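Here's the structure, in structure tokens; my notes come after.
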């Protein structure tokens, strides 16, 4: 039987520690025409304006402020607070429809937001959190503010593009001579262990290395633990990767060195919001 609200658009909101991400689907049966909203989490007026495109069949909410928002003044919408990791798994499934790849099964799904969570997706599509790290976009912004006097996402990316972290990081080749150790001499021995340059571009590039190398090494180690000896995919998403070609390049390179294969989820910053929307619709039978 068709739900009386099935003809209405649906919405999903991901309340992150730094950003709020929201999506609206005019027709929940297809992702055609998906509208998106991304702003600092304090921008409640912008979110309110975005949601005036309702009414909605339902609004799924996830993240740190989700349950407070759902228990507040939700009279205009049927609001459903859902599990964050389940939402990421469902969101990935739908966003993969536009991806130029089909991920291995099993694979890892990495949510690189203010901090980082790592989820395992098994052969049946079940999702479970298997690890994470406090390193994330919050690390870039906080250290960027302290070291560079700059915490803007786009500005930090622009600075990093012109930098060389090898002038800041201590490399294996700085410690060992040729043939003295069975490691690539270009590998990082210690993030920020050299600091031969304090030029802003080099420091920004080194910040990306600090984040990207450590997240990728952790993800690669976890990938090996579930791979059964095969090379499997690590699918990266999250708002920290928005337009961040420097960080993507580091993740791709180091994930490969760690024995896995890096993939990047299209519109991955909206995975939680998309998943929350679909979970809320499923609960209401829409």
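Below is a table of values for the structure above.
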{"read-out": "Single unsatisfied condition, residue 169 versus (1) buried (at least 19 other Cβ atoms within 10 Å of the Cβ); (2) under 24 Å from the mean Cα position of the chain (by Cα); (3) under 17 Å from residue 208 (Cβ atoms)", "value": "(2)"}
{"read-out": "Selection status of residue 229, farther than 19 Å from residue 131 by Cα, surrounded by fewer than 18 Cβ atoms within 10 Å (Cβ to Cβ) and modelled with pLDDT under 95", "value": "yes"}
{"read-out": "Of all residues in the range 91-108 being in contact with a helix residue (DSSP H, G or I) (Cβ under 9 Å, 6 or more places away or on another chain) and closer than 11 Å to residue 232 by Cα, the one that is surrounded by the most Cβ atoms within 10 Å (Cβ to Cβ)", "value": "108"}
{"read-out": "Test: residue in the range 154-163 that is in a loop (DSSP other than H, G, I, E, B), buried (at least 19 other Cβ atoms within 10 Å of the Cβ) and touching a residue at least 12 places away in the same chain (Cβ under 8 Å)", "value": "yes"}
{"read-out": "Enumeration of residues in the range 35-51 that are part of a strand (DSSP E or B) and more than 11 Å from residue 13 (Cα to Cα)", "value": "35, 39, 40"}
{"read-out": "Checking residue 182 against (1) touching a helix residue (DSSP H, G or I) at 6+ places or on another chain (Cβ under 8 Å); (2) assigned to a loop (DSSP other than H, G, I, E, B), the condition it does not meet", "value": "(1)"}
{"read-out": "Those residues of the range 225-262 which are part of a helix (DSSP H, G or I) and under 17 Å from residue 117 (Cα atoms), in sequence order", "value": "225, 226, 239, 240, 241, 247, 248, 251, 255"}
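The values are calculated or read from the model by the stated rules, or taken from the named source; none is laboratory data. These numbers come from a predicted model, not from an experiment. Cβ: placed from backbone, ideal geometry, glycine included. Neighbour counts: every protein chain shown.
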